[in-house]
């Protein structure tokens with residue numbers, strides 16, 4: 001079985017969530033909408049399959065939205081600082097997406113250059 005990458009940011013968020021539930025992994029898993037075993041394994045190792053990481057992130061976003069809705073409905077009190085909010089993507093995910101988008105832009109540029117090349121179009125004229 002391949003070694004799974006360690007996700008530092010998500011692992012820290014999960015450890016904080018479990019601590020907020022007084023160390024009760026089962027209660028934290030229920031709040032996220034994931035299985036106890038999935039969360040327990042992730043909390044211990046900090047790594048999981050991509051689909052399981054996605055499920056954990058979706059659960060965290062759902063919790064954040066529920067907290068925001070409660071804050072909007074409740075009388076104004078101290079609000080969380082932006083840096084304390086749960087991140088939707090880890091820095092490693094952002095770096096991977098940035099790399100993929102860079103390759104996509106290069107491919108589109110190459111396609112555009114190829115389609116405007118008169119030698120490739122079969123005629124001496126450029127396409128209009």
Members of the range 47-62 that are surrounded by fewer than 18 Cβ atoms within 10 Å (Cβ to Cβ) and touching a helix residue (DSSP H, G or I) at 6+ places or on another chain (Cβ under 6 Å):
52
Can you go through 83, 92 and tell me which one is touching a helix residue (DSSP H, G or I) at 6+ places or on another chain (Cβ under 9 Å), part of a helix (DSSP H, G or I), within 20 Å of residue 8 (Cβ to Cβ) and at pLDDT below 85?
92
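For residues that are out of contact with any helix residue (DSSP H, G or I) (no Cβ under 7 Å at 6 or more places or on another chain) and surrounded by 15 or more Cβ atoms within 10 Å (Cβ to Cβ), tally how many sit in the range 28-40.
The initial filter retains those residues of the range 28-40 that are out of contact with any helix residue (DSSP H, G or I) (no Cβ under 7 Å at 6 or more places or on another chain), namely 30, 37.
Cutting the leftovers down to surrounded by 15 or more Cβ atoms within 10 Å (Cβ to Cβ) gives us 30.
So the count comes out to 1.
Within the range 52-75, does at least one residue satisfy the condition of being part of a loop (DSSP other than H, G, I, E, B), modelled with pLDDT under 90 and more than 19 Å from residue 93 (Cα to Cα)? Spell out how you get there, then give the answer.
We begin by selecting, within the range 52-75, every residue part of a loop (DSSP other than H, G, I, E, B); these are 74-75.
Filter again for modelled with pLDDT under 90, leaving 74-75.
This time we only want the ones that are more than 19 Å from residue 93 (Cα to Cα), so: 74-75.
Checked the range 52-75: at least one residue is part of a loop (DSSP other than H, G, I, E, B), modelled with pLDDT under 90 and more than 19 Å from residue 93 (Cα to Cα).
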Mind listing whichever residues of the range 1-11 are free of Cβ contacts under 8 Å to residues at least 40 places away in the same chain and surrounded by 13 or more Cβ atoms within 10 Å (Cβ to Cβ)?
11
Neighbours by Cβ (under 9 Å, 6+ apart or cross-chain): first from the range 24-46, over 20 Å from residue 65 (Cα atoms); second at pLDDT 90 or above and not in a helix (DSSP H, G or I):
42/34
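The values are calculated or read from the model by the stated rules, or taken from the named source; none is laboratory data. Keep in mind that what you see is a predicted model, and the values were worked out from it rather than measured. Virtual Cβ from ideal backbone geometry, glycine too; neighbours counted across all protein chains shown.
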